[in-house]
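See below for the structure under consideration.
Just so it is clear, none of the values below were taken in a lab; they were calculated from the coordinates. From a predicted model like this one, the values you see are computed outputs, not experimental measurements. For neighbour counting, all protein chains shown are included, and Cβ atoms are generated from backbone atoms with ideal geometry for every residue, glycine included.
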Amino acid sequence: MAGDLVLSIDGMGGDAAPDIVVEGVALAARANGGVRYLLHGDADRLNQLLEQHEAAKAVCEVVPAEKTIGMDVKASQALRQGRGSSLWNAVAAVENGQANAVVSAGNTGAYMAIAMFRLRTMEGVHRPALATRWPTMKGGYTVMLDVGANVEADAEQLVEFAIMGEAFQRAVSGEERPTVALLNVGAEDQKGHEEIRAAARLIREARLDLEFRGFVEGDDISKGTVDVVVTDGFTGNIALKTGEGTARLVAQLLRESLSSGVMATVGAAIAYPALRKLKTRMDPGTFNGALFLGLNGLVVKSHGGANASGFAAAIGVAEKMARSHYREEIARNLSRLARAPAAAAGEAS
């Protein structure tokens, strides 16, 4: 197994860790071979759980960690006191070259802070971005970023997000030429604030290797109008939480309607196969696995409340990214972006 891919797992991160984490690793291990796991955390507890999951036990190495970072710990506190924790050690394994990627369902702020501190950003990246996948009417998904890592972003940072998001989408979907657009209040060129309009101009002037489609509006995200939607973290996080809340509302209204009477219950029984398919499509776990893009290492964030299949989906994202060439693709376009201001100055003179 010396040539296998190695994933570093925070065994203690998440609302239902470590049980869900180990079960998720077991599901991933059964689905995909050629992967080994470094499982960081309470060694006694993790080894007990592995005894219940032979598929995971065969490919896991438990790495003892002295402590756990709680979900309510502030990022600054995690940096001061997190050394030796399961999250800290899981990230360090990527920095030290022991693993190809790290996955955690733990505290997002602490995770981001530790990953930034240990791994730093790629050359040419001003700020990392958090990218996630959003189910669409077309049956696939749209990648959206940033969804919370940066409250604000200037034009150049938005272009960096576009470059990173496009490479992420290609790696996880296999789409050869993902389409990219900037989220705006209208599709017309004159719409939106100056930063968003400047980002569109910069993408065109830099002649990046992107299939750029200009601006899209909020309803285009779930329509699947483009493959990658780019925005700042403030707007992206609000859109993401609104979408999740709407999905829960629809699910609740559907349950209430289908249990409102005898005939509704009979109808629900008849429609069960279709309803089960709908439930799978609406399950956030199906698209679980956000990525901190722009770091010198692969850092995947699972939803804190993910179930085992959701955590396995996050592991799947880490595996696909680790087997891709996305870092090289990002580097090429960042190089073109870096030359754009100089080229523009030369034209002006």
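Quick check on the stretch 145-224: take the gyration tensor over C-alpha atoms, sort the square-rooted eigenvalues as a ≥ b ≥ c, and tell me if it's rounded (a/c under 1.5), prolate or oblate. Rounded, because the longest to shortest axis ratio a/c is under 1.5.
Working note: Cα gyration tensor of the chain, eigenvalues times five, square-rooted, sorted largest first, giving semi-axes of 33, 29, 17 Å. Note on Q48 and N296: with the Förster distance fixed at 45 Å, the Cβ-Cβ geometry gives a FRET efficiency of about 0.80.
The Q190 and D154 beta-carbon pair, evaluated with R₀ = 25 Å, returns a calculated FRET efficiency of approximately 0.80.
Our coupling estimate for the stretch 9-15, obtained by passing each phi through the Karplus curve with A = 6.51, B = -1.76, C = 1.60 and θ = phi - 60°, is 10, 6, x, 10, x, x, 5 Hz, Gly and Pro reported as x. Principal axis analysis of the Cα atoms in the stretch 1-119 yields extents of 38, 28, 21 Å, listed in decreasing size. The GNM of the chain, with springs linking C-alpha atoms under 10 angstrom apart, assigns the highest mean-square fluctuation among K138, K301, K320 to K138.
Classify the stretch 216-269 as rounded, prolate or oblate from the Cα gyration tensor: take a ≥ b ≥ c as the square roots of its eigenvalues, call it rounded if a/c is under 1.5, otherwise prolate when a/b beats b/c and oblate if not. It is prolate, given that a/c is not under 1.5 and a/b is the larger ratio.
Between amide H atoms placed 1.01 Å from N, distances below 5 Å from Y141 occur with T136, all of them 5 or more places distant or on a separate chain.
When Lys and Arg each count +1 and Asp and Glu each count -1, what net charge do the other residues less than 9 Å away from N184, Cβ to Cβ, add up to? My count for the surroundings of N184 gives 0.
Annotated for the chain: lysine pairs at least 8 residues apart or interchain, Cα distance under 28 Å, count 29.
Enumerate the residues in the stretch 102-125 having an amide nitrogen under 20 Å from the point lying 7 Å beyond the Cα of E61 toward its Cβ. Within reach of a label on E61, which here means backbone N under 20 Å from a point 7 Å along Cα→Cβ, the stretch 102-125 contributes 102-104.
Of the complete DSSP H runs in the chain, those spanning 20 angstrom or more by Cα along the long axis with a mean Kyte-Doolittle score not below 0.0 are 155-173, 233-258, 308-322.
If you take the square roots of the eigenvalues of the alpha-carbon gyration tensor of the stretch 179-261 and sort them as a ≥ b ≥ c, do you get rounded (a/c under 1.5), prolate (a/b over b/c) or oblate? Because a/c hits 1.5 or more and a/b exceeds b/c, the stretch 179-261 counts as prolate. When peptides 227-237, 302-312 are sorted by average Cβ neighbour count within 10 Å, with the highest value leading, the order is 227-237, 302-312.
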